[in-house]
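Structure, as structure tokens:
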Amino acid sequence: MPTICKTIAFRRGAFPQHPIFLTLALLILLATAVRRGAFPQRPSFLTLALLILLATACEMNQYRRGEEMYRQRSFAAAIEEFDAYIETGNNGALRTRAELLRSASYRELALMAIQRQSWQLAIRFGKLANSESADTLLANVYKLLADNSLEAGKLSEGQFYMNLVLEEIPRSRHTPAILFRRINLAMTILGDWNAAWLDYKKLYDLYPGNEYEVQAKPWLVSYSNNRIEYAKTLAETGFFRDALTILFEMARYPVADKDKVHRLISDIYQTQAEIAIAEENYLEADRYFRLAVSAYPENTLIIDTRLSQIAGLFIAKGNEYLALYDFTNARIHYHKAFDIIPDFPAAKDAISRMETVQANIQQAENLAVQANKLDVQKKYAEALLLYREAIQLHNKAEYRQKVAEIQNLMEAERNPTAFAQRIVNDYRNGLLNTRINNVKRNLLVMYKPNEIRDSGWKIMLSTGQYKYEARYDILTPRETYFYLWQINLRDRSIVPLNKISEALMQ
Amino acid sequence: MFKASFILLLLTTGATLTAQQTFDINRFSDPAKYGWQDWFDRINYRNDLIERQKLLQLYENNAQSVNLNVGKSALIPGWGQYSTGDYTKGHIFLGTELVLIGISAYYYDRAMYNYQKYLDATQVLEIENFYKKAQGDYQFTLIFVGLASLVWLFNVYDVVHSTEAFNADLWQRVHNDYYKAPLKLTPTGIEIRF
């Protein structure tokens with residue numbers, strides 16, 4: 001092969017190109033010529049000088065020399081010229097052209113090396129050519145060397161050349177065949193199923209439907225089934241992400257039963273959703289359910305039902321807040337139901353119901369304000385009516401208490417003594433009367449009836465508005481019982497005013 | 001002196017042209033000799049070269065021919081320089097050439113006048129006097145023609161450099177415009193730079 005490049009004859013000389021040098025040299029020549037009278041007699045001197053000038057002045061000459069050598073198929077010399085020009089040339093366009101022609105020259109040298117079966121040199125020149133067409137040559141050489149090595153039983157060498165094709169010329173026309181060959185080697189000789197799978201993935205990604213891909217597909221079916229089983233085991237032990245990674249990978253390639261894989265993916269998402277429900281993380285559950293549907297749309301009905309249930313859980317939670325009149329949280333939970341099922345009718349109804357409750361409460365408050373004003377003006381009948389309306393809208397303890405108070409006041413206005421007596425009589429289902437009668441019954445054991453003096457109930461006005469005193473005296477020759485209570489007509493409360501009265505109430 | 005200068009010139013040229021170098025095939029075919037250490041380096045270089053190759057057409061449309069400019073300057077000194085936009089040089093070459101040719105024409109006219117006088121002279125002293133004058137003027141004519149030729153030669157030499165400098169600048173402009181352009185048409189689509 002060295003003979004190919006022996007045509008390199010010379011390197012570019014350092015001929016002075018600067019105009020000053022040339023001008024000086026020519027001036028010396030011309031002056032001598034003129035002095036000696038040579039000039040008129042030798043007109044060819046001018047032509048010679050002009051030729052020397054033009055030959056040395058033009059920077060392009062070196063590039064042109066390279067071109068000329070390329071045309072004459074003196075590729076090595078052309079490369080030397082181009083290298084020199086690329087190094088020193090000022091014109092980027094010419095440098096670019098020189099680089100292109102240099103690349104073509106290396107490619108030609110690579111071709112010559114291939115013809116002489118000088119493979120290593122062909123590889124080196126192919127790399128130096130550094131072009132698409134040179135890559136094709138390189139790929140051919142690598143494949144040939146790989147084939148030769150494998151035929152000779154040199155497995156690692158063969159693998160080395162196959163790897164070179166895949167790494168250096170990944171879009172080569174030999175790539176599918178080489179990937180197929182590597183899959184075959186990995187499965188039959190090396191037993192490296194993962195390597196085979198990686199190569200198959202590359203083969204399918206780059207050349208789906210290619211004859212080699214179709215041939216390799218059945219080899220990977222059992223591998224894919226094993227991977228799916230492994231993914232199932234992972235999912236069962238809670239490694240959902242790892243399981244999904246495997247299953248999604250399997251779903252991408254035509255070696256596995258896609259329906260089965262998608263169903264498994266959907267199942268894993270559903271499992272994750274159920275876990276999220278158990279943790280009351282409903283939004284996360286909803287996300288998983290949606291993923292489950294997208295993975296396997298046949299599960300839509302089941303998942304929709306489950307989603308409705310989750311949305312129902314949000315509404316139930318909202319209802320709990322509504323019962324506590326926590327409208328903010330109730331609304332938040334109702335709206336979460338919409339996140340799961342947009343325009344969920346049950347959530348809409350719940351929100352409508354909540355808004356009605358809110359409006360009723362507001363209206364009841366307004367009525368209570370009006371009733372309170374009437375209460376102050378002692379228009380008890382009208383106030384009572386408004387409070388009752390308010391209770392209809394919002395059954396609030398405060399309103400109920402107000403109603404009772406107003407009723408008491410009305411009674412008190414009508415006949416306070418009788419009302420006070422009735423309060424005493426009604427107190428704890430007539431407890432006071434019963435116990436006073438018991439006291440009297442006990443006294444009758446010890447005293448004769450005429451010895452016992454019973455004052456009966458005496459209702460008297462007490463200090464404070466709507467406050468009365470109820471008095472009951474029992475006198476015997478040796479014992480006296482003076483019972484005394486204060487009665488508040490407004491709220492029907494009875495307060496004992498002495499120890500004996502307090503004891504009677506207990 | 002003439003012989004010595006000419007031999008020196010030939011020796012210098014010959015020595016440089018015949019310089020030999022031992023050919024080393026390993027060095028010549030070293031895949032890393034252009035600084036490409038691996039596949040990525042090669043791909044980067046290739047992509048850059050492809051990008052530059054796209055600009056060549058643009059360059060060709062506006063580049064000036066060295067031969068054409070040499071022809072122009074050979075015909076009218078300074079014309080080629082005007083074409084490359086180098087007006088100062090154009091003015092200098094054209095002006096110098098006109099002055100030198102004008103002076104040489106003046107001396108030639110005087111030489112011819114004295115030569116005619118010499119032909120017409122009948123006395124020995126006049127014959128010698130006019131002959132010397134005619135010869136002196138003719139020598140001046142030759143000197144100025146020589147200088148004009150030298151300027152013309154240098155003008156031709158210079159136009160080659162001017163044209164190459166123009167073309168080198170043109171490439172630089174094309175290159176800069178392309179790489180600084182906000183909108184670029186690439187093989188994969190339209191590329192917009194912000």
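Every listed requirement among (1) among the hydroxyl-bearing types (S, T, Y); (2) in a helix (DSSP H, G or I); (3) on the phi > 0 side of the Ramachandran plot is met by A:T328 save one, (3).
For segment A:122-132, check the following and say yes or no: at least one residue is within 30 Å of A:S222 (Cα to Cα) and out of contact with any Cys (no Cβ under 8 Å at 6 or more places or on another chain). No; the residues of segment A:122-132 include none that is within 30 Å of A:S222 (Cα to Cα) and out of contact with any Cys (no Cβ under 8 Å at 6 or more places or on another chain). Is there a residue being buried (at least 19 other Cβ atoms within 10 Å of the Cβ) and within 21 Å of A:F327 (Cα to Cα) anywhere in segment A:370-389? Taking every residue of segment A:370-389 in turn, none turns out to be buried (at least 19 other Cβ atoms within 10 Å of the Cβ) and within 21 Å of A:F327 (Cα to Cα).
Here B:L153 passes the criteria (1) in a helix (DSSP H, G or I); (2) farther than 25 Å from B:T84 by Cα except the one numbered (2). When B:F140, B:F130 are checked against the criterion of being part of a helix (DSSP H, G or I) and more than 14 Å from chain A (Cβ to nearest Cβ), B:F130 stands alone in meeting it. For the condition more than 30 Å from B:W152 (Cα to Cα) and either at pLDDT 90 or above or within 7 Å of chain A (Cβ to nearest Cβ) (or both), B:D24 does not qualify. Scanning segment A:76-97 for residues that are more than 11 Å from chain B (Cβ to nearest Cβ) and closer than 28 Å to A:A139 by Cβ returns A:A78, A:F82.
What do you reckon, is A:V221 surrounded by 15 or more Cβ atoms within 10 Å (Cβ to Cβ) and more than 30 Å from A:K154 (Cβ to Cβ)? Considered against the rule, which asks whether it is surrounded by 15 or more Cβ atoms within 10 Å (Cβ to Cβ) and more than 30 Å from A:K154 (Cβ to Cβ), A:V221 comes out as no.
More than 26 Å from A:K499 (Cα to Cα), in the same structural domain as A:L497 (by TED's automatic domain parsing) and surrounded by fewer than 18 Cβ atoms within 10 Å (Cβ to Cβ): is that true of A:N450 in this structure? It is true that A:N450 is more than 26 Å from A:K499 (Cα to Cα), in the same structural domain as A:L497 (by TED's automatic domain parsing) and surrounded by fewer than 18 Cβ atoms within 10 Å (Cβ to Cβ). For A:E411, the test of being touching a residue at least 60 places away in the same chain (Cβ under 8 Å) and among the charged types (D, E, K, R) is passed. Counting only residues that are touching a residue at least 40 places away in the same chain (Cβ under 8 Å) and more than 17 Å from A:Y466 (Cβ to Cβ), segment A:416-427 holds 0 of them. Can you find a residue in segment A:146-159 that is within 14 Å of chain B (Cβ to nearest Cβ), more than 14 Å from B:R46 (Cα to Cα) and buried (at least 22 other Cβ atoms within 10 Å of the Cβ)? No, the conditions are met nowhere in segment A:146-159. In segment A:199-210 there is at least one residue matching the filter, namely being out of contact with any strand residue (DSSP E or B) (no Cβ under 8 Å at 6 or more places or on another chain), at positive phi and not in a helix (DSSP H, G or I).
Among helices (runs of 4 or more DSSP H) entirely within segment A:113-168, having at least 1 residues that are of a type in the set (D, E) and in contact (Cβ under 8 Å) with a residue 24 or more places away in the chain singles out A:132-151, A:155-168. Scanning segment A:431-450 for residues being without any contact (Cβ under 8 Å) to a residue 12 or more places away in the chain and either within 13 Å of A:M505 (Cβ to Cβ) or in contact with a Gly (Cβ under 6 Å, 6 or more places away or on another chain) (or both) gives a total of 2.
Screening the candidates A:I275, A:I228, A:I268 for the property of being in contact (Cβ under 8 Å) with a residue 24 or more places away in the chain and farther than 29 Å from A:G191 by Cβ yields one hit, A:I268.
The values are calculated or read from the model by the stated rules, or taken from the named source; none is laboratory data. Remember, predicted model here, so these are calculated numbers, not experimental data. All Cβ positions, glycine included, derive from the backbone under ideal geometry; neighbour counts span all protein chains shown.
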